[in-house]
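The values are calculated or read from the model by the stated rules, or taken from the named source; none is laboratory data. In this text the structure is predicted, and so the values were computed from the model without any measurement. Here the Cβ positions follow ideal geometry from the backbone for every residue, glycine too, while neighbour counts run over all protein chains shown.
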Amino acid sequence: MRKPRYYSILLVALLLSFAFSSHTAVAAEIPLRASDYFDSIQASLEPTGYGLVRIDFRVTGTSLMKQLGATEVQIKEKTATSWTTVRTYRYENFPDLMGYNVLQHSGSIVFPGIAGRTYVAHITFYASNASGSENQLVITSPATAY
């Protein structure tokens, strides 16, 4: 008589463990927002030939933003032991870097590099709304111009 009760308790415990473990797995799959202002940021640097390098970015705010985009894009070139800034683009001089009263903004820059040299872009993203503002720095993967 004790064995059926033992198996019933074991079955209930097993079912409860499956129920709780599935909730844990579902909770782990929910993406967490990293910022109150930025929902997503994408940036890339790719060589396009003839020494040219193209920098693309796309940024999405968590809501409609008063300003959303890139305040600065620094192009850095690899030297023997470090990276040297060879060009800086600022939104004051390149207005396409910044969007106004938007949920999402994207842009691109074509930089005239030198074939055989390796470049990386440091992009400072900015978002502001009535609650405040935030900056985030994103560094692209390096690429060699050809």
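In this structure, is N129 at pLDDT 95 or above and either acidic (D, E) or in contact with a Lys or Arg (Cβ under 9 Å, 6 or more places away or on another chain) (or both)?
Values: at pLDDT 95 or above: yes; either acidic (D, E) or in contact with a Lys or Arg (Cβ under 9 Å, 6 or more places away or on another chain) (or both): yes.
Judged against the criteria, N129 is a match.
If you go through the stretch 115-132 one residue at a time, how many are over 19 Å from V86 (Cα atoms) and loosely packed, with under 13 Cβ neighbours inside 10 Å? Lay out the reasoning, then the answer.
The initial filter retains those residues of the stretch 115-132 that are over 19 Å from V86 (Cα atoms), namely 125-132.
Right, trim to loosely packed, with under 13 Cβ neighbours inside 10 Å and you get 130-132.
Residues meeting the conditions: 3.
Taking the conditions exactly as written (within 17 Å of the chain's Cα centre (by Cα) and assigned by TED's automatic domain parsing to the domain that holds Q74), does T118 satisfy them or not? Here the answer is no, as T118 does not meet what is asked.
I'm trying to understand the selection: among the residues of the stretch 110-146, which are assigned to a loop (DSSP other than H, G, I, E, B) and of a type outside the set (F, W, Y)? Steps first, please.
Residues of the stretch 110-146 assigned to a loop (DSSP other than H, G, I, E, B): 113-117, 130-131, 140-142, 145-146.
Within the stretch 110-146, G113, I114, A115, G116, R117, A130, S131, T140, S141, P142, A145 qualify.
Residues in the stretch 40-88 that are in contact with a Ser or Thr (Cβ under 8 Å, 6 or more places away or on another chain) and among the acidic types (D, E) were compared, and the one that is surrounded by the fewest Cβ atoms within 10 Å (Cβ to Cβ) is D56. Summed over the stretch 77-93, the residues that are more than 23 Å from the chain's Cα centre (by Cα) and among the hydrophobic types (A, V, I, L, M, F, W, C) give a count of 2.
Would you be able to say whether some residue in the stretch 60-78 is at pLDDT below 95 and under 23 Å from A143 (Cβ atoms)? Within the stretch 60-78 (the criterion being at pLDDT below 95 and under 23 Å from A143 (Cβ atoms)), the answer is no, since none of the residues qualifies. Report yes if N93 is assigned by TED's automatic domain parsing to the domain that holds G51 and not in a strand (DSSP E or B), otherwise no. When the stated conditions are applied, N93 passes them.
For the stretch 91-139, a residue qualifies if it is of a type outside the set (A, V, I, L, M, F, W, C), touching a residue at least 60 places away in the same chain (Cβ under 8 Å) and farther than 12 Å from P47 by Cβ, and the qualifying residues are S128, N129, S131, G132, S133, E134, N135, Q136.
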